[in-house]
1. Quick one: Karplus J couplings for segment 215-230, per residue in order, coefficients 6.51, -1.76, 1.60, θ = phi - 60°, nearest Hz, x for Gly and Pro?
2. Using modelled backbone amide H atoms (1.01 Å from N, in-plane), which distant-in-sequence or interchain residues come within less than 5 Å of Leu13's amide H?
3. Which of the lysines could be linked to Lys61 by a straight reach, that is with a Cα gap under 24 Å, when you skip same-chain ones fewer than 8 residues away?
4. Taking the Cβ of each residue in His349, His33 as the centre, tally the other Cβ atoms inside 10 Å and list the residues starting with the fewest.
5. Starting with the highest mean, order 295-307, 238-250 by the number of other Cβ atoms within 10 Å, averaged over the residues of each peptide.
6. Compute the long axis of helix 49-64 from its Cα atoms, compare it with the longest principal axis of the Cα atoms of the chain, and write down the angle in degrees, 0 to 90, nearest 10.
7. Considering the dipole of the chain built from charges on the beta carbon (Lys and Arg +1, Asp and Glu -1) around the Cα centre, which of Ile142, Gly323, Thr241 is farthest to its positive end?
8. Any idea what the dipole of segment 265-447 comes to, in debye rounded to 20, about its Cα centre with Lys/Arg Cβ at +1 and Asp/Glu Cβ at -1?
Amino acid sequence: MPRSGNQGVEMTLKNYINGVFVPAQSRAVRIYHNPADNSPLGEVAESAVEDVEAAIKAARKAFDEGPWPQTPPVERAAKLFQLASLIDSRAEELASMETLNNGKPLREARFDVADAAACFRYYAGLATQPSGETLEISDPNIVCQTVREPIGVCGQIIPWNYPLLMAAWKLAPGLAAGNCCILKPSELTPLSVSLLFELIDDVGFPPGVVQLVYGLGDPVGACLAASPLVDKIAFTGGGVTGRKIQMAAATNFKKITLELGGKSPNIIFADADPEVALEYALYGIFAGQGEVCSAGSRLLLDRRLGEDFLHRLVSACEKIVVGSGMDENTEMGPLISRGHQKKVLDYIHAGCSEGAELLCGGGIYNDKRSTGNFVQPTIFSNTKSDMRIVREEIFGPVLTVQYFDGEDEAVKIANDTIYGLAAGVFTSDESRAQRVIRRLRAGITWINTYHPTFNEAPWGGYKQSGIGRELGTYGYDAYTEVKQINTCIRPQPLGWFKALSKK
Ligand code: NAD
């Protein structure tokens, strides 16, 4: 993939530190791959602590001495609007990069690119909205106000499943609110973010305001999380990493948001529209190859639906077109890596040995797809709540089916998880839908649909699915501190100290 802009024509993707594209100081590189056939796509800088420290130093200076935090919101917004337009103008290129490096079908990648541009536009708009309050307090001689101010230097660590969109979710609110941001993408998916930063360079932010450091979680992410010079960490990824980050961030009590995993229930009642429920049951788990934190990976079926619904589900699942995401006909792409493919296959074996019934899929392909990381769309029935495939996040195209009798049992099974990210309910009874949804312990819920996500609405999980919220006004507030300002209208001596009192 030839590179242009001030990165030059060479293949190595570089860090973006203090407004300049630079290699890792050690010159180390890592090769990144196409998951559809595991062919190498290019090289990316493999950063070390010294590279992260350079970025933190530049960000600190940009925040403490630079203009960005004081730049009028309307000017910050103008830069983000410009970035959104540049993303639109390179949309097809960005989508191809995403599909080549992540594997997801082009139609999904195109959607992500448009959504990323929309995210920058949404936060550009929000930056110029009224904020702060004047509070009615008990002292008529004081005007009490609140204002929102940027937090400072923000480390932003993102996973490989939505490389461009996750970058937008982090950078857009962070920059709109006046922070200085250091983005750390997944070491597996640097490609689309490299073009995003070329566009960021074209927009021209002050040096140190928005930076990119490639490399492994440890040392790059770990260094951001532990640094006393970083004020906030925004993380999306797995719970094991999230726990390490929370502990490291405690050293200087950084503000943190953690967007973690899920094992989300999708509940279908017998009175649901069967065509709608059937398609969303499949879409809920097989969109994005199941590598989606909010995937509807546990299908809960009303026993009154009988066997017919499940037969139709399995039959449709067997017809899902699996192949390279670059093929316009593809409906499901490969998993991100050989290692992740093995992890998903190990879960499928565990499901079989724990006594679940494999209804379809369960393996790999022995044709030309064997060079890629493909796993067949898989459905298990006869599953029980204590099985690993029901309890643990597989993060792949594996659906477990459980039956329930009545609302109470549906809610009990749905909530029987350490996670609480998302949930869906399908029914034609509106009052039942509201009743059930209110009882589910999850942060993102859908009635008669699954997966739609809006930049305007808060995203985040209950229980072990995370801390805090991204997107919407909640996501903006998470990049601000609140300051209280008290102004005395008619200042006069207090008369508190005798020595200062008039005789
Ligand atoms: P991961 O936790 O392995 O990695 C995520 C990021 O953290 C990567 O950039 C990685 O390099 C970095 N990292 C790894 N070790 C680190 C450390 N010690 N310190 C700091 N950073 C470190 O997750 P993954 O495998 O890339 O992504 C899959 C996980 O992400 C799943 O559990 C999924 O549910 C979750 N996810 C959650 C959401 C959400 O919004 N809740 C969205 C997407 C993915």
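1. x, 6, x, 10, x, 5, x, 4, 5, 4, 5, 8, 5, x, 8, 9
2. Glu43, Val44, Ala45
3. Cross-link targets: Lys14, Lys79, Lys170, Lys184, Lys232, Lys254, Lys255, Lys483.
4. Details: His349 11, His33 21.
If I rank by nearby Cβ atoms, fewest first, I get His349, His33.
5. The peptides rank, most packed first, as 295-307, 238-250.
6. 50
7. It is Ile142, whose Cα lies furthest towards the positive end.
8. 580
Bear in mind that the values in this text are calculations on the coordinates, not laboratory data. Keep in mind that this is a model prediction, so the values were computed, not measured. All Cβ positions, even for glycine, are placed from backbone atoms using ideal geometry, and neighbour counts span all protein chains on display.
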